[in-house]
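For reference, the structure is listed below as structure tokens.
The values are calculated or read from the model by the stated rules, or taken from the named source; none is laboratory data. No experiment lies behind these values; they were computed from the predicted model shown. Quick reminder, even Gly has a Cβ in these numbers, built from the backbone with ideal geometry, and neighbours come from all protein chains shown. Side chains are part of the model used for accessible areas, which takes the heavy atoms of the whole protein and leaves out ligands, DNA and RNA. Shrake-Rupley method; radii C 1.70, N 1.55, O 1.52, S 1.80 Å.
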Amino acid sequence: MTTTIRDERPDTDELVVLYDAVGWTAYTQDPAALTAAIVGSHRVLTARDDAGHLLGLVRTVSDGVTIVYVQDLLVVPSAHRSGVGSALLGAVLDRYAGVRQTVLLTDDEPGQRAFYESRGFVEAHDVEPQPLRSFVLLR
């Protein structure tokens, strides 16, 4: 299977199927809001198979100069551990190579930590020479 990474914004139906597939139902309860979030993102990259099926997506919020926030990185379960997530994250890191800070927030799950650390990410409290703090307000 060949995976193609593209700059594109999928339609609402594809988004709902993808986000539902990974259990992110907080997003799919309001499809219009999900679509608006995708449209308002700085960049959206998709991964598709040879038949054009949506395998995954990464989206960012950024000023394009000093910071990029990786908001969502998701891959359909059938394509987990196939390199799709790595390809999407690699494509984002390439496109923002000149941006000083790349930030993301993820679940506290060992596989997530291992994945992001393998790409050079460090938890905020482990940053050298001085640790950082991160804060979040969820509503």
Sorted on mean Cβ neighbours within 10 Å (highest first), peptides 126-136, 1-11 come out as 1-11, 126-136
Among the trypsin sites (Lys or Arg not before Pro) within the stretch 21-105, which fall in a DSSP loop and have no more than 11 other Cβ atoms within 10 Å of their own Cβ? ARG81, ARG100
Hey, what did the stretch 55-139 get for relative contact order, percent, Cα under 8 Å, at least 6 apart? 25 percent
In a GNM of the chain with a 10 Å cut-off on Cα contacts, which of GLN112, GLN101, GLN71 has the highest mean-square fluctuation? GLN112
How would you rank 61-67, 14-20, 103-109, highest first, on the average number of other Cβ atoms within 10 Å across their residues? 14-20, 61-67, 103-109
Decide, for the stretch 1-93, between rounded, prolate and oblate: order the square roots of the alpha carbon gyration tensor eigenvalues as a ≥ b ≥ c, take rounded if a/c falls under 1.5, and otherwise choose prolate if a/b is larger than b/c, else oblate. oblate
Check: C-alpha center the stretch 33-65 vs C-alpha center the stretch 83-135, spacing in Å is 18 Å
Suppose only helical runs count, i.e. DSSP H with n ≥ 4. What mean residue ellipticity at 222 nm does that imply for the chain under -39500 (n - 2.57) per run, divided by all residues and rounded to the nearest 500 deg cm²/dmol? -9000 deg cm²/dmol
Of SER78, TYR96, SER134, which is farthest along the charge dipole of the chain in the positive direction, counting Lys and Arg as +1 and Asp and Glu as -1 at C-beta? TYR96
For ASP108 and ASP126, extending 7 Å from Cα along the Cα-Cβ vector and measuring point to point gives, in nm, a value of 1.5 nm
What whole-number value in Å² describes the accessible area per residue of the stretch 28-139 for a 1.4 Å probe? 62 Å²
Identify which of GLY120, GLY85, GLY40 has the largest mean-square fluctuation in a Gaussian network model of the chain, with springs joining Cα atoms closer than 10 Å. GLY120
Ordering 73-80, 32-39 by per-residue average of other C-beta atoms within 10 angstrom, highest first, gives 73-80, 32-39
